[in-house]
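Encoded as structure tokens, the structure appears first; notes follow it.
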Amino acid sequence: MKTLAKVAIGCGIVLVLAGVATIALVVGGAWWLKGKAEQVVGNEEKIEEMKKQAAAAGPAFTPPADGVVQEVRLVKFLEIRKRVFDVYEKHKPEIEAAGRKETADFSDVMKGVAWLNELRTAQAQAQAAAGMGDEEYRYMVEAVYKAWWSSEIARQTGGKTASEAAEAGYEQMNEAMRQMQEQSKDLPPEQRKALEEAASQAQSGAPSAEDRASLRQLDAPKANVELFRRYEADIKKYAMGGLELLGM
């Protein structure tokens, strides 16, 4: 067989082998992805089942009319957060690394799916063990962060709530403008007019009744603030900022 023919046959074999390898890679990749998809679906079904168990463990949750959190439920909530935190700590380096990346490749996505599923599974297991359904859990997240916010404002304002601090700030501004107007009687007409206009603009920007009502909604019950401070160290330790955006 001539050399040229041998080369042609050799090249043909290489192309066939390359084609077989490509097909194997595509088919194998498809099976791998299929397996991963089935694994994710199976895991999601387990999570949903545990969430149902948690919701059925006690009576349907009704938010308290006065917004006051019971200590026993806060303790249960912190037990759940601790279980999730233990998993979060294990994956913290890769979670933080993923957050620093501007773009994610396929490997990053699969790793993210893996640790997110592990976190969600840990939360579902903990909720089932604590008998706390999703509705109550989400309520506790909001109540705890509102108490945290209110506690920090109270520390900085001598014990005032968010709405009280805002109202006090507005009253102080009004008083300052009133004193300036009194002291401006001897000013030239143009300067006195400018000061009166500034005072008028300040008053027009005063919070409306609706604004004041919205501010009051930010206030946590004092009982919650006191309870928060008793468990402040654990609440801050298990905060894991950012998980709330993932529904956790």
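The values are calculated or read from the model by the stated rules, or taken from the named source; none is laboratory data. All values reported here derive from a predicted model rather than from experimental measurement. Using ideal geometry, Cβ is built from the backbone for each residue, glycine included, and neighbour counts are taken over all protein chains shown.
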### Message
Would you confirm, using the coordinates I've provided, whether Met132 is not in a helix (DSSP H, G or I) and not β-branched (Val, Ile, Thr)?
### Response
yes
### Message
Can you pull out every residue in segment 87-122 that is loosely packed, with under 13 Cβ neighbours inside 10 Å and modelled with pLDDT of 85 or more?
### Response
Glu89
#### Entry: Condition met for Glu89 (out of contact with any strand residue (DSSP E or B) (no Cβ under 8 Å at 6 or more places or on another chain) and farther than 30 Å from Glu136 by Cβ)
no
### Query
Tally time: how many residues in segment 43-72 are crowded, with 18+ Cβ neighbours inside 10 Å and of a type in the set (D, E, K, R)?
1
